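Enquirer: Sharing a structure here in structure tokens format.
The values are calculated or read from the model by the stated rules, or taken from the named source; none is laboratory data. Here the structure is a predicted model, which means the values were calculated and not measured. For neighbour counting, all protein chains shown are included, and Cβ atoms are generated from backbone atoms with ideal geometry for every residue, glycine included. Just so you know, the surface numbers come from the protein's heavy atoms only, side chains and all, with ligands and any DNA or RNA stripped out. Shrake-Rupley method; radii C 1.70, N 1.55, O 1.52, S 1.80 Å.
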Amino acid sequence: MSDLLRTDGAVLLAALRPILAAKGLASAAEIEARLLETERASPARGAAIVARAWTDPAFRARLLADGTATVESLGIPMRGLPPLGVLENTPELHHLVVCTLCSCYPRAVLGYPPLWYKSAGYRARAVRDPRGLIAEWGTVLPETTRIRVVDSTADYRWMVLPLRPQGTEGWSEAELAALVHEGDMIGVTVPRRKGPADAHA
Amino acid sequence: MIHAPGAMVRVKDDWPETRGPCHIRTPHYLRGRTGRVVRALGAFPNPEDLAFARPAPRRALYHVLFPQPALWPDGRPGDEVMVEIFEHWLEPAP
């Protein structure tokens with residue numbers, strides 16, 4: 001393998017695997033299972049959770065009260081992972097998640113963070129100029145909506161439950177989930193209903 | 001010390017990074033700033049010890065809310081920053 005392809009992380013993992021196995025801390029099979037699970041997580045998983053919360057008030061209440069246990073009840077393994085907190089957007093309050101110290105991200109429900117999420121520019125601007133920052137995604141909030149920037153500095157991981165777009169009454173969970181994208185659950189964008197009606201919105 | 005939701009707290013104006021190697025989860029921009037406790041988030045092993053493989057006693061973690069204008073000269077009134085801060089970084093607001 002060329003040096004270009006030998007990442008520090010891969011070298012470290014190769015060195016750690018036999019040590020973890022020898023100490024009985026994690027078997028090769030357990031490491032493979034966790035790798036697979038990490039790869040399986042993606043924004044589609046978060047979108048399905050959001051759609052369920054939009055259509056099932058009891059689920060929504062449980063999700064906001066205890067994100068970890070509630071997503072675990074959907075079959076998402078959370079053991080050994082940081083607890084998950086879910087922040088509900090309302091017409092009055094919009095959440096924007098950042099980790100100014102590093103790149104803390106709710107990987108169990110959203111997968112790997114987008115590259116910009118780890119950039120110094122995003123991290124510095126999110127806490128200081130959140131409106132100017134999300135405007136670069138085309139997101140302009142009403143004057144009456146407060147922004148609450150959530151700096152993820154410690155042991156929780158935070159996911160945003162965005163507002164359900166108007167005009168989606170009666171939609172199925174699958175149709176609703178298709179409206180929800182990665183940025184909506186970070187707070188840089190908001191879900192929008194697609195279609196000609198948008199022109200009149 | 002236990003901080004109830006709604007209590008006004010001040011983040012210590014302390015700079016351990018000037019005294020030697022350390023690992024801190026309290027962002028620079030909050031040191032010495034005053035905010036309001038939103039909720040207690042539970043107790044977690046202190047990352048400042050974990051980072052150096054020292055015994056890490058569990059510390060209470062709080063969600064603390066700061067008004068943007070109290071942090072930045074160009075902060076917009078009404079906008080806020082909410083941050084997880086460990087108990088040993090918080091003191092009652094004067």
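Enquirer: When you scan the range A:171-193, how many residues do you find that are open to solvent by 30 Å² or more (accessible area, probe 1.4 Å) and of a type in the set (A, V, I, L, M)?
Expert: Matching residues across the range A:171-193 total 3.
Enquirer: Restricting to the range A:106-131, count the residues that are of a type outside the set (G, A, S), buried (at least 19 other Cβ atoms within 10 Å of the Cβ) and more than 9 Å from chain B (Cβ to nearest Cβ).
Expert: Matching residues across the range A:106-131 total 6.
Enquirer: Just checking, does the range A:144-155 include any residue being under 27 Å from B:H88 (Cβ atoms), open to solvent by 10 Å² or more (accessible area, probe 1.4 Å) and among the β-branched types (V, I, T)?
Expert: No, the range A:144-155 has no match at all.
Enquirer: Suppose we filter the range B:70-85 for residues that are under 17 Å from B:P27 (Cα atoms) and either at the interface with chain A (Cβ under 7 Å from one of its Cβ atoms) or out of contact with any helix residue (DSSP H, G or I) (no Cβ under 9 Å at 6 or more places or on another chain) (or both); how many remain?
Expert: 7
Enquirer: Right, next: As an exercise: evaluate A:I134 against (1) part of a loop (DSSP other than H, G, I, E, B); (2) buried (at least 16 other Cβ atoms within 10 Å of the Cβ) and give the number of the one condition it does not meet.
Expert: So A:I134 meets the others, but not (1).
Enquirer: Now, a different point. State which residue is nearest to the other protein chains (Cβ to nearest Cβ) when the search covers only the range A:156-170 and only residues that are open to solvent by 10 Å² or more (accessible area, probe 1.4 Å) and in contact with a helix residue (DSSP H, G or I) (Cβ under 8 Å, 6 or more places away or on another chain).
Expert: Only one residue tops the list, namely A:R157.
Enquirer: In the range A:96-103, is there at least one residue being farther than 30 Å from B:T26 by Cβ and among the β-branched types (V, I, T)?
Expert: no
Enquirer: Cβ-Cβ below 8 Å, separation at least six or inter-chain, first residue in the range A:110-125 and in contact (Cβ under 8 Å) with a residue 12 or more places away in the chain, second of a type in the set (K, R): which pairs?
Expert: Sorted first by the residue in the range A:110-125, then by its partner, the pairs are A:L110/A:R45; A:G111/A:R45.
Enquirer: Let me ask you something else. Being out of contact with any helix residue (DSSP H, G or I) (no Cβ under 6 Å at 6 or more places or on another chain) and in contact (Cβ under 8 Å) with a residue 60 or more places away in the chain is the filter here; which residues of the range A:50-72 pass it?
Expert: The answer is A:V50, A:L64, A:G67.
Enquirer: Condition first: open to solvent by 50 Å² or more (accessible area, probe 1.4 Å), part of a loop (DSSP other than H, G, I, E, B) and away from every other protein chain (no Cβ under 14 Å). Can you find one or more residues in the range A:45-56 that meet it?
Expert: No, every residue in the range A:45-56 fails to be open to solvent by 50 Å² or more (accessible area, probe 1.4 Å), part of a loop (DSSP other than H, G, I, E, B) and away from every other protein chain (no Cβ under 14 Å).
Enquirer: Right, next: Check whether at least one residue in the range A:21-42 is surrounded by 15 or more Cβ atoms within 10 Å (Cβ to Cβ), in a helix (DSSP H, G or I) and within 14 Å of the chain's Cα centre (by Cα), and report yes or no.
Expert: no
Enquirer: Same structure, new question: Go through the range A:98-122 and give me each residue that's over 19 Å from A:A48 (Cβ atoms) and outside any loop (DSSP other than H, G, I, E, B).
Expert: The answer is A:V98, A:L115, A:W116, A:Y117, A:K118, A:A120, A:G121, A:Y122.
Enquirer: Something else about it: Say whether the condition of being open to solvent by less than 60 Å² (accessible area, probe 1.4 Å), in contact with a helix residue (DSSP H, G or I) (Cβ under 6 Å, 6 or more places away or on another chain) and without any contact (Cβ under 8 Å) to a residue 24 or more places away in the chain is met by at least one residue in the range A:73-90.
Expert: The answer is no; no qualifying residue exists.
Enquirer: If A:V149 satisfies every condition in (1) over 23 Å from B:P47 (Cβ atoms); (2) touching a Leu at 6+ places or on another chain (Cβ under 7 Å); (3) within 14 Å of chain B (Cβ to nearest Cβ) but one, which is the exception?
Expert: (1) is the only condition that A:V149 fails.
Enquirer: Another question, if that's okay. If A:D198 meets every condition in (1) part of a loop (DSSP other than H, G, I, E, B); (2) modelled with pLDDT under 95; (3) not β-branched (V, I, T) apart from one, which number is that one?
Expert: Only one criterion is unmet by A:D198, namely (1).
Enquirer: Looking at the range B:16-56, which of the residues that are small (G, A, S) and under 15 Å from B:W89 (Cβ atoms) is nearest to the other protein chains (Cβ to nearest Cβ)?
Expert: So, considering only residues that are small (G, A, S) and under 15 Å from B:W89 (Cβ atoms), the one nearest to the other protein chains (Cβ to nearest Cβ) is B:A43.
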